[in-house]
Amino acid sequence: MSQRVPRYETLSLDLAHQIAAGRLPVGATLPPERQMAHDLGVSRSTVREALRRLEMRGLISRRQGAGTVVLRTAGSTYTMQLHSLETFSLYDLDETRLEILGLSAAEPEDVARLGLAQDGLARDGEWFRCEMLRRHIATGRPAAYTHAFLRAEFRPIFDDPQIGAEPFYRIIRRMFGTDVRDATVEFFAATAPAGARRYFAPDLPATEVVPAIRLIRSFFEAGGRLCQRSETWHCGPSGAFRTEIRLPD
């Protein structure tokens, strides 16, 4: 049986193809989100997520008052569809440990930058941020630095004894009965933020750049509602990524 592709994913790919084909040329202004949603017969949150993905690829710019503008043509695109949420647990939980560094309300700039307010309305206290560090148990060396953003109603998961030993989405399912159905992961070349530098390069001068791979993982409920989005940085001059997937019968 074929897997359902989220509507925001197909919309994002369609817009990228239109940009690549020149039907949406550089400098063109896209219609407002509300109009696009009406014209395409989808929700505004679907349009917002599709545009966020294009913005993260550097294809468009979204600024209040200026609208959504095409910045550059799309290069080649590779899309891999995975068939299990288990593939989004990138760490061997028996070989690493999670340290919770702090919980705080999400900053407005993070809400805007990561597209957390999917209906376009940022509400105070709707999202909170968990700052985390994952270390290798054998060496104590840092493996990944993460900011995880979750909806405020899921904050009680941090009282669960399985926190750190079980992916957040599983705890959300178990504690709240929430049907976490879809997930995406995006990879970007980046530089380490100040929080990550404290652990990966504490002795390096602030003027020195620390290269990193930045991952954005997003988890959605069955109806398309975003319930978790996290930013993870893997820092160092080199690295590798491997995923193991069990093929369907």
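The C-beta contact set for the range 1-21 (first residue more than 13 Å from Leu51 (Cα to Cα) and among the basic types (Lys, Arg), second residue modelled with pLDDT of 85 or more and buried (at least 17 other Cβ atoms within 10 Å of the Cβ), distance under 6 angstrom, 6+ apart or interchain) is empty. The lone criterion from (1) modelled with pLDDT of 75 or more; (2) over 21 Å from Leu226 (Cα atoms); (3) touching a Lys or Arg at 6+ places or on another chain (Cβ under 7 Å) left unmet by Ile19 is number (3). Here is the figure for the range 136-184: residues that are farther than 26 Å from Glu9 by Cα and touching a residue at least 24 places away in the same chain (Cβ under 8 Å) total 13.
The values are calculated or read from the model by the stated rules, or taken from the named source; none is laboratory data. Not measured: the values here are computed from a predicted model. We place every Cβ from the backbone using ideal geometry, glycine too, and count neighbours over all the protein chains shown.
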